[in-house]
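Note sheet for the following structure.
Just so it is clear, none of the values below were taken in a lab; they were calculated from the coordinates. Because the structure is a prediction, the values reported are computed rather than measured. Cβ sites come from the backbone with ideal geometry, for glycine too, and all protein chains shown count toward neighbours.
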C-alpha cells in the first residue's frame, strides 16, 4: 500500500518467512530491499506527478548508508517504511528512512547519501538541479548526521571468496546492493551470528561489480564489538564495497 504524500512516502509490508534467518528475524538484505523499493517508488511518483527530475541518461546511485537498529522484525511482522528527502549535502542527495511497526514501535532508522551519475559519461554530477524538483523535508532527520566516509582496512583478513553470478545482478547488470550486504554478513562465523545482534551498520558502495567478477570478502576486528569489512575485486584489486558494523555481543 502506498500513500499519496510525496513529502514523506510510506509503504506497508509484512515480513515473509523466506526473508528471515535462523533466528526468525528479517535479514538485513530483506530490510534493505524494502527501503530500496520505497525509495524507487517515491522517485517514480515524483517524476510522474511533479515532472521528470533527472534528464535522460542520468541515474540515481546509492553511495553511502547508515542504519541504527532497535530490533529486527520477525516473521509475520507488519512494517511500514517512511522515507523522505532531506536535501543536498555537497555532491550528495540525502534520503532518510524509518521502519516501524503498529503503534509507532520503531525497528530501525537510517540515512543514505545518493549521487547523480551520467550513465553514458560515467561521471558524478552535482545534484542541485535535481533537488529543485523534489519535495524536501529539510528539518526531519531519522539520524542527526549524514553518512561519513569509512576508514580503509589496515590489516584485513580474507573471510572467503566468491564469483558474481546472474542472480546477483540488478536491471543495470551491476551487482544489487542488497547482495553486498548478504556477502558482508556471511563473512561472520555462525557462532557470532547466532548470539550477537547488529546495533549499527554503515556501508559505502565504492565501485561496481559485474557478472563473472571474482571477489574477496575481508574483515578486520577494531574492538570486541566493532568490525570493518571490505569487498575487493581480485582481477584489479579494486575495492567495491566497505562496511563497519557495531555489534551487541
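Mind jotting down the distance between the C-alpha centroids of the stretch 218-249 and the stretch 123-194, whole Å? Between the Cα centre of the stretch 123-194 and that of the stretch 218-249, the gap is 12 Å. Percent of Cα pairs in the stretch 9-131 per distance bin of 5 Å, from zero to the largest separation: 2, 11, 20, 21, 17, 12, 9, 7, 2, 0.
Run the numbers on the chain and let me know its relative contact order in percent, using alpha-carbon pairs under 8 Å that are six or more apart. 18 percent. Pull out a ≥ b ≥ c, the square roots of the eigenvalues of the alpha-carbon gyration tensor of the stretch 86-171, then state rounded if a/c is under 1.5, prolate if not and a/b is larger than b/c, and oblate in the remaining case. Note, shape of the stretch 86-171 comes out oblate.
Computed on the stretch 9-131, with alpha-carbon pairs under 8 angstrom and 6+ residues apart, the relative contact order is 28 percent. When 206, 67 are arranged by Cβ crowding within 10 Å, least crowded first, meaning fewest neighbours, the order is 206, 67. GNM on the chain, alpha-carbon springs under 10 angstrom: the most fluctuating residue among 100, 173, 137 is 173. Computed over the chain, the per-residue total of -39500 (n - 2.57) for DSSP H runs of n ≥ 4 gives a 222 nm mean residue ellipticity of -5000 deg cm²/dmol, rounded to 500. The overall shape of the stretch 99-236, judged from the alpha-carbon gyration tensor, is oblate: a/c is not under 1.5, and a/b is no greater than b/c. Here the residues 227, 166, ranked from fewest to most Cβ neighbours within 10 Å of their Cβ, fall in the order 166, 227. With 0.36 nm allotted per residue and the present C-alpha distance subtracted, the residue 40-residue 224 stretch has 62.6 nm of extension available.
Stokes-Einstein, applied to the Kirkwood radius of the stretch 157-248 over Cα pairs at a viscosity of 1.567 mPa s and 4 °C, places its translational diffusion at 96 µm² s⁻¹. As a proxy for reagent exposure, 49, 64, 233, 95 were ordered by neighbouring Cβ count within 10 angstrom, fewest first; the result is 49, 233, 64, 95. Using 0.36 nm per residue and subtracting the Cα-Cα separation, the extra length available between residue 7 and residue 59 on full extension is 16.6 nm.
Counted residue by residue at 0.36 nm each, then reduced by the alpha carbon distance between them, the extension gain from residue 145 to residue 16 reaches 43.3 nm.
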